[in-house]
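Okay, structure first, notes after.
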Amino acid sequence: MGFRGKVVEDALISCGRHCSLCHKFCGTKMELHHIKQRKDGGEDSFENCIPLCFDCHADVMQYNPDHPKGKKYTLSELKRHRDNWYDKIKNSQGNILPNGSYLDLDKKTFERLQNLLDSKGLLFFIKSNGFINGAFPDKICEDIYIYQQECFLPEFEFIDTDLEGMRVTLTEQLRELDILIQKHTFDASTRTESRQSIPKEWSITEPERYIKAINDFEKLTFIIGKKYDELIKLGRRKLYAN
Ligand SMILES: [Zn+2]
(Lines give C-alpha, C1' and ligand atoms only; values in the text may rest on other atoms or scores of the structure.)
Protein backbone atom coordinates (compact mmCIF):
# COMPACT_ATOMS: atom_id res chain seq x y z
CA MET A 1 0.00 0.00 0.00
CA GLY A 2 1.15 3.57 -0.56
CA PHE A 3 -0.30 7.06 -0.20
CA ARG A 4 -3.82 7.22 -1.56
CA GLY A 5 -6.70 9.48 -2.46
CA LYS A 6 -6.97 12.59 -0.40
CA VAL A 7 -3.47 12.29 1.08
CA VAL A 8 -1.97 12.30 -2.43
CA GLU A 9 -4.11 15.23 -3.54
CA ASP A 10 -3.44 17.27 -0.40
CA ALA A 11 0.31 16.70 -0.71
CA LEU A 12 0.40 17.64 -4.41
CA ILE A 13 -1.65 20.77 -3.81
CA SER A 14 0.46 21.75 -0.81
CA CYS A 15 3.73 21.54 -2.74
CA GLY A 16 2.29 23.04 -5.95
CA ARG A 17 3.86 20.04 -7.72
CA HIS A 18 7.29 21.38 -6.89
CA CYS A 19 9.95 19.26 -5.23
CA SER A 20 10.07 20.02 -1.49
CA LEU A 21 13.88 19.91 -1.47
CA CYS A 22 15.20 21.50 -4.69
CA HIS A 23 11.93 23.38 -5.47
CA LYS A 24 11.96 22.39 -9.12
CA PHE A 25 8.57 22.31 -10.84
CA CYS A 26 7.87 18.64 -11.61
CA GLY A 27 4.43 18.42 -13.20
CA THR A 28 3.65 14.71 -13.37
CA LYS A 29 7.27 13.71 -12.66
CA MET A 30 6.78 13.72 -8.94
CA GLU A 31 7.10 11.08 -6.26
CA LEU A 32 5.68 10.88 -2.77
CA HIS A 33 8.21 9.65 -0.25
CA HIS A 34 7.55 8.17 3.18
CA ILE A 35 9.57 10.30 5.61
CA LYS A 36 9.54 7.44 8.09
CA GLN A 37 9.81 4.27 6.01
CA ARG A 38 6.89 1.86 6.08
CA LYS A 39 9.14 -0.96 7.25
CA ASP A 40 9.95 1.20 10.29
CA GLY A 41 6.27 1.72 11.02
CA GLY A 42 5.77 4.88 8.92
CA GLU A 43 2.15 5.55 7.99
CA ASP A 44 0.54 6.44 4.66
CA SER A 45 -0.45 9.80 6.13
CA PHE A 46 -0.18 13.42 5.01
CA GLU A 47 2.12 14.05 7.98
CA ASN A 48 4.52 11.30 6.89
CA CYS A 49 4.56 12.28 3.21
CA ILE A 50 7.06 14.49 1.37
CA PRO A 51 6.70 15.22 -2.38
CA LEU A 52 10.04 14.99 -4.22
CA CYS A 53 11.43 15.11 -7.76
CA PHE A 54 13.01 11.90 -9.13
CA ASP A 55 16.55 13.14 -8.46
CA CYS A 56 15.99 14.22 -4.88
CA HIS A 57 14.03 11.05 -4.18
CA ALA A 58 16.94 8.95 -5.43
CA ASP A 59 19.27 11.05 -3.30
CA VAL A 60 17.19 10.60 -0.16
CA MET A 61 16.89 6.84 -0.75
CA GLN A 62 20.46 6.17 -1.81
CA TYR A 63 22.35 7.06 1.33
CA ASN A 64 24.14 3.98 2.53
CA PRO A 65 25.05 4.08 6.24
CA ASP A 66 27.83 1.55 5.62
CA HIS A 67 29.55 3.90 3.18
CA PRO A 68 28.51 7.36 4.26
CA LYS A 69 29.12 9.96 1.62
CA GLY A 70 27.85 13.46 2.18
CA LYS A 71 25.28 14.28 4.81
CA LYS A 72 22.22 12.11 5.25
CA TYR A 73 18.78 13.72 5.47
CA THR A 74 17.34 13.14 8.93
CA LEU A 75 13.61 12.58 9.35
CA SER A 76 13.07 15.82 11.18
CA GLU A 77 15.07 17.74 8.60
CA LEU A 78 12.93 16.34 5.76
CA LYS A 79 9.82 17.40 7.66
CA ARG A 80 11.13 20.90 8.17
CA HIS A 81 12.11 21.28 4.50
CA ARG A 82 8.66 20.13 3.53
CA ASP A 83 6.84 22.39 5.98
CA ASN A 84 8.91 25.40 4.91
CA TRP A 85 8.08 24.72 1.29
CA TYR A 86 4.37 24.14 1.96
CA ASP A 87 4.31 27.49 3.80
CA LYS A 88 5.97 29.23 0.90
CA ILE A 89 3.44 27.82 -1.57
CA LYS A 90 0.55 28.73 0.69
CA ASN A 91 1.71 32.32 1.03
CA SER A 92 2.54 32.73 -2.65
CA GLN A 93 -1.07 32.17 -3.76
CA GLY A 94 0.20 29.94 -6.51
CA ASN A 95 2.78 32.35 -7.89
CA ILE A 96 6.25 31.09 -7.38
CA LEU A 97 8.30 33.78 -8.97
CA PRO A 98 11.90 33.36 -9.93
CA ASN A 99 13.91 35.69 -7.76
CA GLY A 100 16.66 37.89 -9.04
CA SER A 101 17.02 40.21 -11.94
CA TYR A 102 16.69 37.68 -14.73
CA LEU A 103 12.93 38.10 -14.83
CA ASP A 104 13.24 40.74 -17.56
CA LEU A 105 15.58 38.62 -19.64
CA ASP A 106 13.23 35.66 -19.41
CA LYS A 107 10.26 37.81 -20.35
CA LYS A 108 12.09 38.81 -23.54
CA THR A 109 12.83 35.18 -24.40
CA PHE A 110 9.22 34.27 -23.65
CA GLU A 111 7.86 36.96 -25.96
CA ARG A 112 10.32 36.02 -28.67
CA LEU A 113 9.32 32.38 -28.47
CA GLN A 114 5.63 33.24 -28.63
CA ASN A 115 6.24 35.56 -31.54
CA LEU A 116 8.16 33.00 -33.54
CA LEU A 117 5.77 30.14 -32.97
CA ASP A 118 2.37 31.66 -32.54
CA SER A 119 1.99 35.09 -34.09
CA LYS A 120 2.11 33.78 -37.65
CA GLY A 121 -0.22 30.90 -36.95
CA LEU A 122 2.43 28.17 -36.93
CA LEU A 123 1.25 26.66 -33.67
CA PHE A 124 -2.37 26.75 -34.80
CA PHE A 125 -1.36 24.90 -37.93
CA ILE A 126 0.54 22.30 -35.88
CA LYS A 127 -2.27 21.89 -33.35
CA SER A 128 -4.88 21.41 -36.05
CA ASN A 129 -2.46 18.97 -37.74
CA GLY A 130 -2.58 20.71 -41.10
CA PHE A 131 0.08 18.32 -42.42
CA ILE A 132 -2.41 15.54 -43.08
CA ASN A 133 -5.12 17.65 -44.69
CA GLY A 134 -3.74 17.93 -48.19
CA ALA A 135 -1.12 20.35 -49.47
CA PHE A 136 0.24 23.03 -47.15
CA PRO A 137 2.30 26.14 -47.94
CA ASP A 138 6.10 25.97 -47.83
CA LYS A 139 5.89 28.91 -45.49
CA ILE A 140 5.14 26.50 -42.62
CA CYS A 141 8.51 24.80 -43.16
CA GLU A 142 10.20 28.19 -43.35
CA ASP A 143 8.68 29.27 -40.03
CA ILE A 144 9.93 26.09 -38.35
CA TYR A 145 13.35 26.71 -39.87
CA ILE A 146 13.42 30.32 -38.65
CA TYR A 147 12.61 29.15 -35.12
CA GLN A 148 15.46 26.64 -35.26
CA GLN A 149 17.85 29.32 -36.49
CA GLU A 150 16.92 31.40 -33.48
CA CYS A 151 17.75 28.46 -31.22
CA PHE A 152 21.38 28.64 -32.34
CA LEU A 153 21.67 32.08 -30.74
CA PRO A 154 23.15 31.80 -27.25
CA GLU A 155 20.85 34.53 -25.92
CA PHE A 156 17.74 32.61 -26.91
CA GLU A 157 17.43 30.78 -23.62
CA PHE A 158 15.60 31.01 -20.33
CA ILE A 159 17.65 31.53 -17.20
CA ASP A 160 14.86 29.86 -15.27
CA THR A 161 15.74 26.18 -15.39
CA ASP A 162 12.15 24.86 -15.55
CA LEU A 163 11.30 27.03 -18.55
CA GLU A 164 14.61 26.31 -20.25
CA GLY A 165 14.07 22.57 -19.84
CA MET A 166 10.69 22.88 -21.51
CA ARG A 167 12.05 25.08 -24.29
CA VAL A 168 14.78 22.55 -25.09
CA THR A 169 12.22 19.72 -25.23
CA LEU A 170 9.96 21.73 -27.51
CA THR A 171 12.89 22.57 -29.77
CA GLU A 172 13.85 18.90 -30.08
CA GLN A 173 10.27 18.04 -30.99
CA LEU A 174 10.17 20.73 -33.67
CA ARG A 175 13.39 19.30 -35.07
CA GLU A 176 11.68 15.90 -35.23
CA LEU A 177 8.77 17.53 -37.01
CA ASP A 178 11.17 18.96 -39.55
CA ILE A 179 12.54 15.46 -40.16
CA LEU A 180 9.00 14.09 -40.61
CA ILE A 181 8.22 16.77 -43.19
CA GLN A 182 11.34 15.87 -45.14
CA LYS A 183 10.54 12.17 -44.92
CA HIS A 184 6.82 12.14 -45.60
CA THR A 185 5.99 15.12 -47.80
CA PHE A 186 6.92 16.12 -51.33
CA ASP A 187 6.67 19.10 -53.60
CA ALA A 188 3.07 19.84 -54.53
CA SER A 189 3.45 23.38 -55.82
CA THR A 190 0.97 25.05 -58.05
CA ARG A 191 1.82 27.84 -60.46
CA THR A 192 1.03 30.44 -57.86
CA GLU A 193 2.09 28.80 -54.60
CA SER A 194 4.95 26.63 -53.28
CA ARG A 195 3.44 23.74 -51.38
CA GLN A 196 4.24 20.38 -49.79
CA SER A 197 2.00 17.39 -49.34
CA ILE A 198 1.91 13.74 -48.33
CA PRO A 199 1.45 12.26 -51.83
CA LYS A 200 -2.23 11.37 -52.14
CA GLU A 201 -1.45 8.53 -54.54
CA TRP A 202 0.30 6.71 -51.68
CA SER A 203 -3.13 5.87 -50.28
CA ILE A 204 -3.47 3.52 -53.27
CA THR A 205 0.09 2.70 -54.29
CA GLU A 206 1.69 2.50 -50.82
CA PRO A 207 -1.11 2.38 -48.25
CA GLU A 208 1.18 1.36 -45.36
CA ARG A 209 3.52 4.25 -46.00
CA TYR A 210 0.53 6.58 -46.27
CA ILE A 211 -0.93 5.46 -42.94
CA LYS A 212 2.45 5.65 -41.23
CA ALA A 213 2.94 9.21 -42.44
CA ILE A 214 -0.44 10.25 -41.08
CA ASN A 215 0.12 8.49 -37.76
CA ASP A 216 3.59 10.00 -37.34
CA PHE A 217 2.25 13.52 -37.88
CA GLU A 218 -0.77 12.99 -35.65
CA LYS A 219 1.32 11.70 -32.77
CA LEU A 220 4.01 14.36 -32.90
CA THR A 221 1.78 17.37 -33.52
CA PHE A 222 -0.38 16.38 -30.55
CA ILE A 223 2.68 16.24 -28.28
CA ILE A 224 4.05 19.55 -29.59
CA GLY A 225 0.73 21.31 -29.02
CA LYS A 226 0.59 20.00 -25.47
CA LYS A 227 4.21 20.90 -24.67
CA TYR A 228 3.77 24.38 -26.08
CA ASP A 229 0.69 25.01 -23.95
CA GLU A 230 2.47 23.75 -20.84
CA LEU A 231 5.38 26.09 -21.48
CA ILE A 232 3.13 29.09 -22.07
CA LYS A 233 1.07 28.39 -18.94
CA LEU A 234 4.11 27.95 -16.72
CA GLY A 235 5.81 30.98 -18.28
CA ARG A 236 2.81 33.19 -17.61
CA ARG A 237 2.66 32.04 -14.01
CA LYS A 238 6.36 32.39 -13.38
CA LEU A 239 7.07 35.60 -15.26
CA TYR A 240 3.91 37.69 -15.24
CA ALA A 241 1.64 36.62 -12.40
CA ASN A 242 2.57 39.23 -9.83
ZN1 LIG B 1 14.20 17.85 -6.13
Exercise. Across segment 186-237, what is the number of residues that are without any contact (Cβ under 8 Å) to a residue 12 or more places away in the chain, open to solvent by less than 100 Å² (accessible area, probe 1.4 Å) and under 22 Å from residue 26 (Cβ atoms)?
Worked result: 1
For this session: Taking only segment 1-11 into account, find how many residues are within 15 Å of the ligand (Cβ to nearest atom) and loosely packed, with under 14 Cβ neighbours inside 10 Å.
Result: 0
Seminar exercise, completed: Listed by first then second residue, the pairs whose first member lies in segment 9-31 and is under 12 Å from residue 88 (Cβ atoms), whose partner is among the basic types (Lys, Arg) and exposed (fewer than 14 other Cβ atoms within 10 Å of the Cβ), with beta carbons under 8 Å and at least 6 positions apart or on separate chains, are 14/90
Problem set entry | residue 14 within 16 Å of the ligand (Cβ to nearest atom), assigned to a helix (DSSP H, G or I) and surrounded by 14 or more Cβ atoms within 10 Å (Cβ to Cβ) | yes
Exercise. What are the residues in segment 50-86 that are farther than 16 Å from residue 22 by Cα and modelled with pLDDT of 90 or more, if any?
Worked result: 75, 76
Exercise. If you take the residues of segment 149-172 that are under 20 Å from residue 131 (Cα atoms) and open to solvent by less than 20 Å² (accessible area, probe 1.4 Å), which of them is farthest from the chain's Cα centre (by Cα)?
Worked result: 171
Seminar exercise, completed: Going through segment 34-57 in order, the residues found to be within 15 Å of the ligand (Cβ to nearest atom), free of Cβ contacts under 8 Å to residues at least 40 places away in the same chain and open to solvent by less than 30 Å² (accessible area, probe 1.4 Å) are 50, 52, 53, 56
Exercise. Which members of segment 17-28 meet the condition of being at pLDDT 90 or above and either of a type in the set (S, T, N, Q) or open to solvent by 60 Å² or more (accessible area, probe 1.4 Å) (or both)?
Worked result: 20
Exercise. What single numbered condition from (1) at pLDDT 95 or above; (2) touching a strand residue (DSSP E or B) at 6+ places or on another chain (Cβ under 9 Å) fails to hold for residue 205?
Worked result: (2)
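The values are calculated or read from the model by the stated rules, or taken from the named source; none is laboratory data. These figures come from a predicted structure and were not determined experimentally. Because the Cβ atoms are built from the backbone with ideal geometry, glycine has one as well, and the counts that use them run over all protein chains shown. All accessible areas refer to the heavy atoms of the entire protein, side chains included, with ligands and DNA or RNA removed. Shrake-Rupley method; radii C 1.70, N 1.55, O 1.52, S 1.80 Å.
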